[in-house]
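S.K.: Let me begin by handing over the structure; questions about it come next.
The values are calculated or read from the model by the stated rules, or taken from the named source; none is laboratory data. Note that the coordinates shown come from a computational prediction; the quantities given were computed from them, not determined experimentally. Here Cβ is always computed from backbone atoms with ideal geometry, including for glycine, and neighbour counts include all displayed protein chains. Each accessible area value is taken on the protein alone, full model and side chains, heavy atoms only, with ligands, DNA and RNA left out. Shrake-Rupley method; radii C 1.70, N 1.55, O 1.52, S 1.80 Å.
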Amino acid sequence: MKVAPSILASDFSKMGEEIRRMELCGADWIHIDIMDGHFVPNITFGPDIIKPLRKYASIPYDVHLMIDHPLEYAPRFAEAGADIITFHVEAKDDIKETIEKIRSLGVKPGLVIKPKTPAEAVFPYLKDIYMVLIMTVEPGFGGQSFMEDMMPKVKLIKDEAKRQNTDIIIEADGGINFETAPIAAKAGIDVAVSGTGVFKAEDPKKAIVALRDL
Ligand code: DX5
Ligand code: ZN
């Protein structure tokens, strides 16, 4: 699996250095959680914080929008240096229009589903997106427990993508650490987001390598 450390679990007083450290430890992507206090009951950071952080690493920045209005804010995150922008099917904007907007900005679009949302919710968009992000916790906070019962969604989505003759990358997010990562890998996850599992590990490099080699 590719590994995308979530900077939600980093030391916010030195985010740039934390991102650089993750790249040096072998991270494939940097996962950036954007929360607006409406879509989820928590607030993190906006595009003005991401922009100055862009220079700290050259690996892709994977921006996960947990916000009500991704269509309105996607341009700001693209301009801040996002390589991938994912947004929730449960958000308030038109899905097709938002996907097209992200693509028009030269950024790879992805769709996210919360635990209670069925895999089928992304089926109509598989041809138009780069990635599906399956939440393995309720979005809003780091440090929660991995929901193993989300794993059947991986096969459902991959089978449907095959049926539609299209490629799709599947990312999982929430509660992934060295104990739960083998379950995600076995289910066919391509990219594992890990916040606490990497940042709070005694040896983050070891933690990243362990997840990557699965
Ligand atoms: C949760 C976020 C996750 C979170 C993962 O809303 O989307 O990306 O940072 O953190 P851990 O790995 O600690 O569950
Ligand atoms: Zn996330």
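S.K.: Determine the per residue accessible area of the chain with all protein chains present and a 1.4 angstrom probe, expressed in square angstrom. Show your work: numbers first, answer last.
M.R.: Numbers: 9660 Å² over 214 residues.
For the chain, the per-residue accessible area is 45 Å².
S.K.: Please work out whether region 86-173 counts as rounded, prolate or oblate from its C-alpha gyration tensor, where a ≥ b ≥ c are the square roots of the eigenvalues and a/c under 1.5 means rounded, while otherwise a/b larger than b/c means prolate and anything else oblate? Spell out each step's value before the answer.
M.R.: Numbers: a/c = 1.96, a/b = 1.25, b/c = 1.56.
Because a/c hits 1.5 or more and a/b fails to exceed b/c, region 86-173 counts as oblate.
S.K.: Taking R0 as 25 Å, what's the FRET efficiency between ILE43 and GLU97 from their Cβ-Cβ distance, rounded to 0.05? Working shown, then result.
M.R.: On the way: r = 25 Å, r/R0 = 1.02.
Result of the calculation: an efficiency of 0.45.
S.K.: If you restrict to DSSP beta bridges whose two residues both lie in region 19-97, what percentage is antiparallel, to the nearest 5?
M.R.: Details: 1 of 11 bridges.
Roughly 10 percent of the beta bridges in region 19-97 run antiparallel, per DSSP.
S.K.: Also, I was wondering about something else. What residues from region 122-141 fall in the zone where the backbone N is under 14 Å from a label point 7 Å along the Cα-to-C-beta line of ASP149?
M.R.: Residues passing the 14 Å test: 136-138.
S.K.: Could you check the simple spin-label distance between GLN164 and PHE123, using points 7 Å along Cα→Cβ, in nm with one decimal?
M.R.: Each label point is offset 7 Å from its Cα along the Cβ direction, giving 1.0 nm.
S.K.: Carbon-plus-sulfur fraction of the accessible area of region 34-157, 1.4 Å probe, in percent?
M.R.: Ligands and nucleic acids excluded, carbon and sulfur give 54 percent.
S.K.: Diagonalise the Cα gyration tensor of region 41-115 and give the resulting equivalent ellipsoid semi-axes, square root of 5 times each eigenvalue, largest first, whole Å. Write out the running numbers ahead of the final one.
M.R.: Values: eigenvalues 76, 40, 23 Å².
After scaling each eigenvalue by five and taking roots: 19, 14, 11 Å.
S.K.: Under the rule a/c < 1.5 gives rounded, and otherwise a/b versus b/c splits prolate from oblate, where does region 88-129 land using the Cα gyration tensor?
M.R.: prolate
S.K.: Okay, moving on. Quick one: work out the % antiparallel among DSSP beta bridges in the chain, nearest 5. Intermediate values should be presented prior to the final figure.
M.R.: Values: 1 of 33 bridges.
Of those bridges, close to 5 percent are antiparallel.
S.K.: What does the extension gain come out to for GLU72 and GLU17, with contour length at 0.36 nm per residue minus their alpha carbon separation?
M.R.: The span from GLU72 to GLU17 would gain 16.8 nm if fully extended.
S.K.: Compute, for region 5-141, the length of the dipole vector about the Cα centre, with Cβ point charges of +1 (Lys, Arg) and -1 (Asp, Glu) only. Units Debye, rounded to 20. Mind dumping the intermediate values first?
M.R.: Numbers: 15 positive and 21 negative charges, 53 e Å.
Approximately 260 debye in magnitude.
S.K.: Now for a different question. Return a whole-number percent for the relative contact order of the chain, with Cα pairs under 8 Å and 6 or more residues apart as the contact set. Walk me through the intermediate numbers first.
M.R.: Numbers: 457 pairs, mean separation 45.7, N = 214.
Rounded, it is 21 percent for the chain.
S.K.: Let me cross-check ASP173: its accessible surface, 1.4 Å probe, with only protein heavy atoms counted, in Å² to the nearest 10?
M.R.: 20 Å²
S.K.: As a check on your grasp of the helix formula, calculate [θ] at 222 nm for the chain: sum -39500 (n - 2.57) over DSSP H runs of n ≥ 4, divide by the residue count, round to the nearest 500.
M.R.: Working: 8 runs with 69 residues, N = 214.
Computed mean residue ellipticity for the chain: -9000 deg cm²/dmol.
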